[in-house]
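Down below is the structure, laid out as structure tokens.
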Amino acid sequence: MKFGFFYFILALLTVSSAHAERFVVIMKDRQSFARAQGLAGHVEARLKNLNTLIVNATTSAELTALKASPGVIHVEQEYFHAPPPPVLSRATLVTKTVLTPSQPWGIQAVKAPEAWAVSNKGEGIRVLVVDSGVDATHPAIAPNFEKGRDFTSRWNSNDFSDLTGHGTHVAGTIAGVEDAHGFSGVAPKARILAGRACLPTGCSSAAVLDAINWGIEEKVDVINLSLGSPSSTLAEQTALQKADQAGISVVAASGNFGIAQVFHPAAHPTVIAVGAVDRDLQQAVFSQYGPELSLVAPGVEVVSSIPVDSGRDSTVTVHAASGALKAPAYFFHGTTPKFGAITRPVVDCGKGTPADFSNKDVYGKYVLVSRSKTPFEDQIRNAMRVGAYDVLIYNNEPGQTDSRLFDSENALFASAHLLEQETGLRILKALATEPQLQLTVDTVAASYQETFGTSMATPHVSGVVALVKAANRNLSAAEIKKLIMKTATPLGPNEENRYGAGLVNAETAVKAAMEIKQGK
């Protein structure tokens, strides 16, 4: 889930005679949409609320005929987005699992509890999360989950399972139910709908349009789009305009490259564009900004739900003669987890280069290596080549760094964990006098995760919009955008509109919405 995972660089496909490509076709009006018959290629989906078709075309000739079809005013090719490289310049920019979360700091920062005291916590409001899917069985989400659909495939529209955890994290921040430990979303009584438009390989522009069309059909109140790209298309602009006309507030993320450009769809005039701040309410290093930025919300160290038991929480215990030491061990996502408490000897293998493993007995032992300029995955592969199956890499500087190697587990058959620098040095010190030193690594499944990105800031605002809408159902989408910007807490210095109107404030926004309703 690096950088919220779904902030993407536009990558257009080209028409090939070998296989069908998908195209978005905008019809002139409702009448031409209804009459559209015999278009070149295969009509895969009819988005009636957008007067738009999703059509397959195989050859350039079919595409030419498609553009010339009666009533067609615009044709654009489906595009996908690819994840950007991670930026790991700060220790706080990490992804790690959480076993039992308390109330997330962001809930307090946006003053959601103060808003709950004078509102119904979003009851009756329906929020569509257009994302990677949602785990509807998660205990933080299940009581508020209404329905879901998949728009990435026509084979099984009922499979909206979350393959990356991104959508489930977003949904938990919006409307996670309150639990005994204090965890909750911003609007803990709002309803969640899931529209899966993204897979681990990226998001389909056609699927996003399809999901927005469904949101209009379902008459949802809010659509959360924690995704984006540098440019927009006519089809996207049309869909956003239709959503606004239907009274739907669309909330989207500004992007994660830290540049002075708000990505689309956030940059669209009707959309609430959201940037990110850290715990100190300073602009997050990755948060994009510019004149279109509406406001900001918590986007660093954000704890929320992920698919049940998909996280890995580990600890390491050093059984030294001077006393046992227990410390965090961060599972490298992309390696193969081993659950339970496993005790083994440990062997120091330097920086994990091939030469460092020379003449080292690693079989059945934990291999300890220091982080270096060599990529983590190469250090792990070097250990695997000499027969090691359990690798511990300790940081070469204080704090933690990101421990996500690949988008899926089991890419490397060894199990690997990242240790903090202090833990690694303590193990080395103990090894100097205890060559037979033993370690225990204990790994359990987790269903919550701390991560970062404007993807994580966006659902905070969607939750506040749900609270405002619940407080005054008569407000239009444009009025809600204006209200939450007017009631935001100013932050600064605000050169180049880095904070927009400021930090979203649920308390002042809800009170203002109620005053409007009461005619004050």
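The values are calculated or read from the model by the stated rules, or taken from the named source; none is laboratory data. Because the structure is a prediction, the values reported are computed rather than measured. When we count neighbours, we look across all protein chains shown, and the Cβ atoms used for this are built from the backbone with ideal geometry, even at glycine.
The set of residues in segment 383-395 that are under 22 Å from residue 438 (Cα atoms) and not hydroxyl-bearing (Ser, Thr, Tyr) comprises 383, 384, 386, 387, 388, 390, 391, 392, 393, 395. Taking the condition without any contact (Cβ under 8 Å) to a residue 24 or more places away in the chain and surrounded by fewer than 24 Cβ atoms within 10 Å (Cβ to Cβ), does residue 143 pass? In short, no.
Set side by side, the residues 377, 397, 422 differ, and just one is assigned by TED's automatic domain parsing to the domain that holds residue 345, assigned to a loop (DSSP other than H, G, I, E, B) and either within 30 Å of residue 295 (Cα to Cα) or in contact (Cβ under 8 Å) with a residue 24 or more places away in the chain (or both), which is 397. Scanning segment 213-233 for residues that are more than 22 Å from residue 297 (Cβ to Cβ) and outside any loop (DSSP other than H, G, I, E, B) gives 213, 214, 216, 217, 218. Considering each residue of segment 165-177 in turn, none proves to be closer than 26 Å to residue 26 by Cβ, at pLDDT 95 or above and not acidic (Asp, Glu).
Report, by residue number, each residue of segment 234-253 that is buried (at least 20 other Cβ atoms within 10 Å of the Cβ) and outside any helix (DSSP H, G or I). Scanning segment 234-253 gives 248, 249, 250, 251, 252, 253. If you go through segment 265-275 and keep only what is more than 12 Å from residue 491 (Cβ to Cβ) and surrounded by 24 or more Cβ atoms within 10 Å (Cβ to Cβ), you end up with 265, 266, 271, 272, 273, 274. Cβ separations smaller than 7 Å between residues 6+ apart or across chains give the following pairs from segment 20-31 residues that are aromatic (Phe, Trp, Tyr) to residues that are crowded, with 23+ Cβ neighbours inside 10 Å: 23/55; 23/57. Could you please find all residues in segment 301-330 being of a type in the set (Ser, Thr, Tyr) and either in a loop (DSSP other than H, G, I, E, B) or surrounded by fewer than 18 Cβ atoms within 10 Å (Cβ to Cβ) (or both)? If the condition is that a residue be of a type in the set (Ser, Thr, Tyr) and either in a loop (DSSP other than H, G, I, E, B) or surrounded by fewer than 18 Cβ atoms within 10 Å (Cβ to Cβ) (or both), then 310, 315, 317, 322 are the ones that fit.
Quick check on residue 106: is it small (Gly, Ala, Ser), in contact with a strand residue (DSSP E or B) (Cβ under 7 Å, 6 or more places away or on another chain), in contact (Cβ under 8 Å) with a residue 12 or more places away in the chain and within 15 Å of residue 462 (Cβ to Cβ)? Yes, satisfied. In segment 425-443, the qualifying residues are those that are in contact (Cβ under 8 Å) with a residue 60 or more places away in the chain and in a loop (DSSP other than H, G, I, E, B), and the one that is farthest from residue 322 (Cα to Cα) is 436. The set of residues in segment 339-373 that are surrounded by fewer than 17 Cβ atoms within 10 Å (Cβ to Cβ), under 23 Å from residue 401 (Cα atoms) and not hydrophobic (A, V, I, L, M, F, W, C) comprises 350, 351, 353, 372, 373.
Restricting the search to strands (runs of 3 or more DSSP E) fully inside segment 1-101 and requiring at least 1 residues that are modelled with pLDDT under 90 gives 9-12, 21-27, 42-47, 52-57, 79-82, 96-98. Collect the residues in segment 282-300 that are part of a strand (DSSP E or B) and among the aliphatic types (A, V, I, L, M), keeping them in residue-number order. The answer is 295, 296, 297. When restricted to residues that are farther than 16 Å from residue 347 by Cα, at pLDDT 95 or above and among the hydroxyl-bearing types (Ser, Thr, Tyr), segment 392-448 contains 3. If you go through segment 259-270 one residue at a time, do you hit one that is part of a strand (DSSP E or B) and in the same structural domain as residue 175 (by TED's automatic domain parsing)? Yes, there is a match, as at least one residue in segment 259-270 is part of a strand (DSSP E or B) and in the same structural domain as residue 175 (by TED's automatic domain parsing). Scanning segment 487-499 finds one or more residues that are within 22 Å of the chain's Cα centre (by Cα), crowded, with 20+ Cβ neighbours inside 10 Å, in a loop (DSSP other than H, G, I, E, B) and in the same structural domain as residue 126 (by TED's automatic domain parsing). The set of residues in segment 179-212 that are within 28 Å of residue 506 (Cα to Cα), of a type in the set (Gly, Ala, Ser) and not in a loop (DSSP other than H, G, I, E, B) comprises 194, 195, 211.
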